[in-house]
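Contents: one structure, followed by commentary.
What follows is calculated from the coordinates using simple rules that are stated; it is not laboratory data. Keep in mind it's a predicted model, so treat the numbers as computed, not measured. Neighbour counts run over all protein chains shown; Cβ positions are idealised from the backbone, glycine included.
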Amino acid sequence: MNSPTSVPEPGPQYSERTHAAAGDDVDVLGISTGKEEFELAESALDTEVFGEDVVAKAKDLISRYPQSRSALLPMLHLVQSVQGYVSQEGVAFCARQLDLSEAEVSAVVTFYTMYKRKPCGQHLVSVCTNTLCAAMGGDAIYRRLTEHLGEDGKPLGHEETVGEPGQPGSLTIEHAECLAACDLAPVVQVNYEFYDRQTEQGAVELVDALRRGEKPAPSRGAPLTDFKSTELQLAGFFPEEEQTFRADVDGPSAAEETLRGAQLAEERGWTAPAMADEVALPALEQKEGR
Ligand code: FES
């Protein structure tokens with residue numbers, strides 16, 4: 001049995017924590033322990049599971065926001081940069097760091113499609129099958145890729161992986177809703193980098209190159225890395241050796257077609273009605289206990 005200061009194993013019983021006020025006792029595995037000891041045990045558990053560097057990054061994220069809970073979205077990307085998905089351990093880690101319940105964290109993880117519940121491959125391939133891309137060939141591209149990457153005549157399913165997740169050449173495929181590049185339809189993304197105006201054959205050649213360990217240049221934007229590195233960038237961290245990479249990420253990535261409307265408006269002197277300088281916003285309802 002654990003002593004009050006030892007680190008309990010992660011699991012359902014450990015996750016049933018309560019949010020105690022300072023000075024309250026907390027029940028851990030049936031043992032009543034002080035809140036400070038409980039927090040020490042939690043901190044040791046986070047370091048043990050995720051390592052000092054990740055815990056330091058989590059603290060860094062929290063320091064960027066007036067309210068710690070605002071750091072949840074980047075913190076989930078941080079978890080994915082380590083694990084390649086958000087495991088139950090990852091959910092518990094975020095909950096402990098942000099003083100949220102695991103139910104609150106899980107509600108966010110399961111709402112946004114960018115958070116994965118199964119380990120991803122080295123690359124995440126997203127095929128847009130929303131209306132415009134679908135009509136322009138996106139559905140056919142998705143079908144062709146799932147058949148091409150499947151085994152024994154069974155197509156690869158949505159969010160399924162070919163190869164060992166995380167290992168070189170492994171790929172996870174997904175169909176995605178509008179990827180905000182309709183003017184370049186049909187589009188495919190790899191780790192959220194664009195491969196515009198795709199064809200079935202072009203998409204097959206792209207995934208074959210990825211399977212061989214190559215990183216074909218995207219149509220625009222930053223060079224291709226891998227899923228976990230992209231997740232670290234999405235969390236807001238750019239390792240020193242990748243500072244040049246940051247310049248690429250921050251650089252312009254709009255396509256000529258995307259800017260054409262704005263250029264036409266400028267040439268023809270078209271303007272949109274001006275916005276009022278001040279717009280009264282409705283008062284926010286104060287939540288109890290927040
Ligand atoms: S429908 Fe595919 S990018 Fe908009």
Region 67-160: Cα Rg divided by the 2.2 N^0.38 Å rule of thumb: 1.34
Dipole magnitude of region 123-235 about its Cα centre (Cβ charges: Lys, Arg +1; Asp, Glu -1), debye to nearest 20: 240
Low-density loop cleavage sites - chymotrypsin sites (Phe, Trp or Tyr not before Pro) in region 81-179, where at most 11 other Cβ are within 10 Å (DSSP): Tyr112
Relative contact order, percent, region 143-235 [alpha-carbon distance under 8 Å, six or more residues apart]: 20
